[in-house]
Structure formats: structure tokens, C-alpha cells
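Quick notes on the structure that follows.
Bear in mind that the values in this text are calculations on the coordinates, not laboratory data. It should be emphasised that the depicted structure is a prediction, and the values quoted were computed from it without experimental measurement. Reconstructed Cβ throughout: ideal geometry from the backbone, glycine too, with neighbour counts over all protein chains shown.
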Amino acid sequence: MPSRFDWHSQINSVENEFRANRIALEFLLPRLNSEPKELREGLSPRIFQHVINNLERTFFIRIFAEFEGCLRSYYSSYKKTEPMVSQLIDSIGSKSKMPHSRIAAVHLIRESRNQIIHIPLGFASAVVNLESARSGLQRYVAFLPEIW
């Protein structure tokens, strides 16, 4: 049976993977700049810099995907429909008697994720960073039953 604690752990692990990737890339980039012959398959240090610049956006999408997986897992334990994410957030929030402010915070995170996905790079202005998103999503998950 799925557990709230398993989902907390999965969401945390995404943020930890982000940190590990950022450290590894920041360590690697100076070496690639000084020894570009190490690169293969048409890669360049500039591409690695681009990866670093977009890393938080990439992991923001991943962390929200884990959260959505949690919501769908919980929702399917009592309903058999597949509503849109915004409806899931509202429905589960209401069922769990969450404060409206907590539900609204998760909608802001969802909107930031949507900007990352749907608005071209350079035009999107996501208002939530990864750490704040993780925290807000975890506070929402804390209202779910321990096991479902």
C-alpha cells in the first residue's frame, strides 16, 4: 500500500538529485573548458553551461511529476476517474480539509510548472524556485492519510 512517507521521500530524492547534478556539472565544466578534447559526439562546454542554466527548470518539472504521481495514486484509491491536475489538487485538498492557503500555494507551483513547459525560454518567469516548490508540495502531501 502506498504511504505518505514514501511520497515524501520520492519528492525529496528529486531535489537531492538536482543538487548532486548541479555540483557535478559545476565541478566538470572548468575541466571541459580547459580540456575540450575530452568531449565527444559534438558536445561542447557551451552545451554543458546550457544544461547547468536549465537544471532547476528540468528538476522543477520532475518534482511536480512526482507530486502528481502521488495525487493520482491517492485519488485512484477512492475514485476511478482521471481528472486534470488542477481538479485533483482542489478535490483532494477539499477531501483532506486542507487550508485554502495550502491549496492555493500548490496551484501557484502548478502554474510555475506550466510556464516552464509552455512558455519559451527567456519569456517564462516562474515565480517559485525548486526548494520552495518542494516545501509547498511536501506541506500539501502532509495532509494525506498515512497509508492508502
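Considering only residues of the stretch 85-103 that are among the aliphatic types (A, V, I, L, M) and over 17 Å from the mean Cα position of the chain (by Cα), which is farthest from Arg62 (Cα to Cα)?
The extreme case among them is Met98.
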Q.
So the check is Cβ under 8 Å with 6+ separation or different chains; which pairs have a first residue in the stretch 41-54 that's free of Cβ contacts under 8 Å to residues at least 40 places away in the same chain and surrounded by 12 or more Cβ atoms within 10 Å (Cβ to Cβ) and a second one that's among the aliphatic types (A, V, I, L, M) and not in a helix (DSSP H, G or I)?
A. Pro45/Leu39
Q.
With more than 26 Å from Tyr75 (Cβ to Cβ) and surrounded by 11 or more Cβ atoms within 10 Å (Cβ to Cβ) as the only criterion, which of Phe18, Phe27 stands out?
A. Phe18
**Q.** Which numbered condition Ser77 fails, given (1) surrounded by 15 or more Cβ atoms within 10 Å (Cβ to Cβ); (2) within 18 Å of Phe5 (Cα to Cα); (3) among the hydroxyl-bearing types (Ser, Thr, Tyr)
**A.** (1)
Q. Looking at (1) more than 24 Å from Tyr75 (Cα to Cα); (2) of a type in the set (Val, Ile, Thr); (3) touching a Gly at 6+ places or on another chain (Cβ under 7 Å), which is the only condition Ile116 fails?
A. (3)
Q. Just checking, which of Asn21, Asn16, Asn54 is under 20 Å from Arg139 (Cβ atoms), within 15 Å of the chain's Cα centre (by Cα) and among the polar types (S, T, N, Q)?
A. Asn16
(Q) Going residue by residue through the stretch 127-148, is there one that turns out to be more than 23 Å from Phe59 (Cβ to Cβ), surrounded by fewer than 15 Cβ atoms within 10 Å (Cβ to Cβ), in contact with a strand residue (DSSP E or B) (Cβ under 7 Å, 6 or more places away or on another chain) and of a type outside the set (D, E, K, R)? (A) yes
